[in-house]
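A quick write-up on the structure given underneath.
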Amino acid sequence: MGFKRLDPEDFLVSADSVSQTVWSDRKAQLSTFFTSSAQRVASISGEYYLAVYQTASTDATAEPQFDIAYGDETSGGGIYFNDAVSGKSPTSTVYGQYRSLVLEDEDSDFTFGTAVSSSYVYAISIERSRYKEKLLAGSFNLTLQGSTGSPIYLTDNSKEVTVPDYFGAQRAYQIVRTSNSSTYGSSNGINRGYTSNYGSYGLYLPDTGLIILNGTALDLTPGSPTTANSDYGIGLATDRTLNTNTNNPSKLFQALVRGGSFKVNCEETLSSDYVFVRARNAEFNYSENPSFIKGTTGEVYYDYFINSPQTYITTVGLYNDNNDLLAVAKLSKPLLKDFTKEALIRVKLDF
């Protein structure tokens with residue numbers, strides 16, 4: 001065993017981005033959507049969100065993929081918690097929760113694109129266990145189909161802007177309409193794919209795994225999928241009746257089922273420490289291994305190893321100044337070392 005103190009230039013820190021699919025079984029596209037009748041009907045959680053699975057919830061392989069929630073600032077579409085206190089229902093609670101989470105302000109409204117606000121939104125929250133660090137900007141593609149008319153194809157505009165919008169430290173990209181061939185319908189700069197009067201179709205928030213959809217834009221009448229900057233939606237028909245559970249999340253769920261395509265990937269930044277261990281020609285040519293020297297006398301077993309030794313490097317250990325072993329790197333195969341050879345071993349530490 002030999003020891004050598006590492007120099008500052010022997011260390012390098014690197015960060016690499018690794019992307020992968022989000023959905024179960026590593027599918028790139030989720031094309032089938034299922035809900036649980038127990039969650040919708042028997043559980044009080046059904047008043048707040050709708051869990052969506054990749055297969056029937058009774059299937060052994062069923063796993064929640066994302067949740068759909070409806071938020072309404074006016075409390076529309078939900079039953080009041082207390083009839084004596086109007087304006088407070090699960091939908092207003094949902095709106096307030098997402099407003100605080102995204103906007104970090106209890107009094108602001110969601111704005112989409114060109115400062116157009118909407119008092120009711122749909123939120124798609126990707127199941128946290130489905131991704132590691134964050135969603136991947138530019139990978140979001142969602143097809144929504146109303147009960148009539150043409151579908152709309154939604155994506156984020158990360159490829160159109162150099163700097164995203166920020167809510168606090170959280171990135172936000174505008175969700176815009178595109179054609180089925182993933183090209184925009186006009187050349188209106190960063191605003192292409194918006195509605196004419198109601199801003200973008202939503203916000204894509206990759207750092208928190210959230211997709212906030214503009215309810216006003218989705219309620220617009222269906223139209224040509226390739227015409228940009230026109231007031232076209234899917235005719236979602238959001239019901240904002242007060243003190244009534246109108247089950248609006250199920251309307252978006254049905255639009256997802258009819259659209260049949262939801263794509264999104266995630267990414268993770270892996271920080272790596274590289275340590276370059278150098279064995280120069282005069283170093284690490286002798287060993288204290290019992291096969292090399294006689295344990296009782298310390299003599300070299302073979303005389304020709306005195307002037308022409310040969311050793312094999314198999315392991316690199318990293319120690320601190322207190323001689324504590326911190327990490328061990330195993331070579332894929334023993335590395336022959338003598339006075340005529342030098343070795344450079346790169347140790348990679350991922351964390």
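The values are calculated or read from the model by the stated rules, or taken from the named source; none is laboratory data. Keep in mind that this is a model prediction, so the values were computed, not measured. Reconstructed Cβ throughout: ideal geometry from the backbone, glycine too, with neighbour counts over all protein chains shown. Remember, those area values only see protein heavy atoms, side chains included, never the ligands or the DNA or RNA. Shrake-Rupley method; radii C 1.70, N 1.55, O 1.52, S 1.80 Å.
Below, the figures for the structure above:
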quantity	calculated
C-alpha long axis of helix 248-259 to longest principal axis of the chain, angle in °	70 degrees
Segment 128-180: trypsin sites (Lys or Arg not before Pro) falling in loop per DSSP and having at most 16 other Cβ within 10 Å	Lys132, Lys159
Rounded accessible area per residue of segment 199-334, 1.4 Å, Å²	50 Å²
Dimensions in Å of the chain - Rg and Dmax from alpha carbons	29.8, 99
Lysines with Cα under 19 Å of Lys330, excluding same-chain neighbours fewer than 8 positions away	Lys4, Lys348
Kirkwood-based Rg to Rh ratio, segment 1-55, C-alpha trace	1.48
Convex hull (Cα only) mean projected area of segment 1-150, reported in nm² to one decimal	17.7 nm²
Cα centroid separation, segment 242-258 to segment 22-96 (Å)	9 Å
Segment 23-91 pair-distance distribution - Cα-Cα, 5 Å bins, rounded %	3, 17, 20, 18, 14, 11, 8, 5, 2, 1
Reachable lysines, given that their alpha-carbon falls under 29 Å from the alpha-carbon of Lys263 and they are not under 8 places away in the same chain	Lys27, Lys132, Lys134, Lys159, Lys251
Segment 237-282: translational diffusion in µm²/s, Stokes-Einstein, Kirkwood Rh over Cα pairs, 10 °C, 1.306 mPa s	95 µm²/s
Mean Cα-pair separation over length for the chain, i.e. relative contact order, pairs under 8 Å, 6 or more apart, %	20 percent
Amide H partners (placed H, <5 Å) of Glu127, local residues excluded	Phe66, Asp67
Trypsin sites (Lys or Arg not before Pro) restricted to DSSP loop in segment 1-103 with at most 16 other C-beta within 10 Å	Lys4, Arg5, Lys27, Lys88
For peptides 115-121, 67-73, 12-18, sequence by mean Cβ density within 10 Å, most packed first	67-73, 115-121, 12-18
